[in-house]
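The structure appears right after this line, and notes come after that.
The values are calculated or read from the model by the stated rules, or taken from the named source; none is laboratory data. Bear in mind the structure is a predicted one, so any value in this text is a computation, not a measurement. For neighbour counting, all protein chains shown are included, and Cβ atoms are generated from backbone atoms with ideal geometry for every residue, glycine included.
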Ligand SMILES: [Zn+2]
Ligand SMILES: [Zn+2]
């Protein structure tokens, strides 16, 4: 899939679900809604959400854990159902994002080349949310950023058959609704509308909000070289992705929620897979290293002089912690 095809796909995958949301609202207003619509929307949201968070992001892009091939490609396929394009291109853009986060070359930073003030903020948020996907200059060469993934034939197959697999994710909830309602044709169509298209709209905007809001509003626990933030209210709908400052501090960690109260559904799934021996080589961050990094810098907005002194005294230590990650290969870092 070349850049032009990718842009067309993203355009269709953005506009059609938006039109479907409007259509679904009109139907809802006229009381055309089945209980099965809620069921299939939830089921498909969970499948495609884990596909993006656990599959595309933590497993493929950051190699946070390993699993058996059927599960690996099952998770990648679940990610395709979200309508965010092929896994190889998604991973290439995202590895590039980590490499030059909020610096020139970042595919979706809300902070680059936007004028100060409200207008610039809105332009930056729009660009990082969805606008970047339609940028004609957008390139993240998969051969450079994810040669490891390009080598995997099933992932290339998903790229080549992207439209077919994405459409199957629209038809499937309709068939499920048809089955659970005992053969209602109306439920078949509204199931496709809700569980297929409205659900794609929801999961996409939640994922994109991590790129926009997650680099703008929220709290910073770790001093990172970018503007990443933890956005608590997005954590559950994004399956844990919204602990984005934690993630930028420790990109390879399988756990993005790093405190007991930071709910991280993807981490729970990976933990469950590990316990049942379906996942191994799960990347965890040494608590001591995490504490050191956290103690080194307070939250940016409330850094006291004392803490700054502490930071300065620990700067000899912090870069070393970074170097541990950066000493790994390009693929490993991101
Ligand atoms: Zn980010
Ligand atoms: Zn990432």
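Quickly run through the stretch 67-123 and pick out the residues that are more than 27 Å from residue 274 (Cβ to Cβ), in a helix (DSSP H, G or I), out of contact with any helix residue (DSSP H, G or I) (no Cβ under 7 Å at 6 or more places or on another chain) and away from ligand 2 (no atom under 14 Å from the Cβ).
Listed by number, the residues that qualify are 118, 119, 120, 121, 122, 123.
Could you list, ordered by first residue, the pairs with Cβ atoms under 6 Å in which the first is in the stretch 208-224 and under 12 Å from residue 124 (Cα atoms) and the second is away from ligand 2 (no atom under 15 Å from the Cβ), at least 6 apart or interchain?
Between residues of the stretch 208-224 that are under 12 Å from residue 124 (Cα atoms) and residues that are away from ligand 2 (no atom under 15 Å from the Cβ), the close pairs are 212/110; 212/125; 212/129; 215/110; 216/110.
Only residues in the stretch 42-66 that are closer than 12 Å to residue 81 by Cα count as the first member; pair them with residues that are in a helix (DSSP H, G or I) and within 16 Å of ligand 1 (Cβ to nearest atom), Cβ under 7 angstrom, at least 6 apart or cross-chain, and list the lot.
Once the first residue is closer than 12 Å to residue 81 by Cα and sits in the stretch 42-66, its partners that are in a helix (DSSP H, G or I) and within 16 Å of ligand 1 (Cβ to nearest atom) give 50/266; 52/207; 56/90; 56/91.
Can you find a residue that is farther than 29 Å from residue 191 by Cβ and either within 16 Å of ligand 2 (Cβ to nearest atom) or in a helix (DSSP H, G or I) (or both) anywhere in the stretch 47-57?
Among the residues of the stretch 47-57, not one is farther than 29 Å from residue 191 by Cβ and either within 16 Å of ligand 2 (Cβ to nearest atom) or in a helix (DSSP H, G or I) (or both), which makes the answer no.
Only one residue in 64, 109 is within 16 Å of ligand 1 (Cβ to nearest atom) and at pLDDT 95 or above. Which one?
64
Taking the stretch 107-123 on its own, how many of its residues are without any contact (Cβ under 8 Å) to a residue 24 or more places away in the chain and buried (at least 18 other Cβ atoms within 10 Å of the Cβ)?
To start, the set of residues in the stretch 107-123 that are without any contact (Cβ under 8 Å) to a residue 24 or more places away in the chain comprises 112-120, 122-123.
Still in the list and also buried (at least 18 other Cβ atoms within 10 Å of the Cβ): 114.
The number of residues fulfilling the criteria is 1.
Return yes or no: is residue 32 part of a loop (DSSP other than H, G, I, E, B) and touching a residue at least 40 places away in the same chain (Cβ under 8 Å)? Don't jump to the end; show me each part of the working.
On the way: part of a loop (DSSP other than H, G, I, E, B): yes; touching a residue at least 40 places away in the same chain (Cβ under 8 Å): yes.
Yes.
Filter the stretch 223-253 down to the residues that are more than 15 Å from the chain's Cα centre (by Cα), within 14 Å of ligand 2 (Cβ to nearest atom) and assigned to a loop (DSSP other than H, G, I, E, B), then identify the one that is farthest from residue 199 (Cα to Cα).
The residue in question is 224.
Does residue 173 satisfy the criteria of being farther than 30 Å from residue 35 by Cα, in a helix (DSSP H, G or I), away from ligand 1 (no atom under 16 Å from the Cβ) and in contact (Cβ under 8 Å) with a residue 60 or more places away in the chain? It would help to see each step written out before you state the result.
On the way: farther than 30 Å from residue 35 by Cα: no; in a helix (DSSP H, G or I): yes; away from ligand 1 (no atom under 16 Å from the Cβ): yes; in contact (Cβ under 8 Å) with a residue 60 or more places away in the chain: yes.
When the stated conditions are applied, residue 173 does not pass them.
Among the candidates 193, 197, 202, 155, which residue alone is modelled with pLDDT of 95 or more, touching a helix residue (DSSP H, G or I) at 6+ places or on another chain (Cβ under 7 Å), over 20 Å from residue 16 (Cβ atoms) and assigned to a helix (DSSP H, G or I)? Steps first, please.
Values: 193 fails: over 20 Å from residue 16 (Cβ atoms); 197 fails: over 20 Å from residue 16 (Cβ atoms); 202 fails: over 20 Å from residue 16 (Cβ atoms).
When all the criteria are applied, what remains is 155.
If residue 175 satisfies every condition in (1) surrounded by fewer than 18 Cβ atoms within 10 Å (Cβ to Cβ); (2) closer than 30 Å to residue 124 by Cβ but one, which is the exception?
Unmet for residue 175, out of (1) surrounded by fewer than 18 Cβ atoms within 10 Å (Cβ to Cβ); (2) closer than 30 Å to residue 124 by Cβ: (2).
Return yes or no: is residue 75 within 15 Å of ligand 1 (Cβ to nearest atom) and either farther than 13 Å from residue 149 by Cβ or in contact with a strand residue (DSSP E or B) (Cβ under 9 Å, 6 or more places away or on another chain) (or both)?
no
Within the stretch 264-291, can you find the residues that are assigned to a loop (DSSP other than H, G, I, E, B), surrounded by fewer than 24 Cβ atoms within 10 Å (Cβ to Cβ) and in contact with a strand residue (DSSP E or B) (Cβ under 9 Å, 6 or more places away or on another chain)?
Scanning the stretch 264-291 gives 278, 281, 282.
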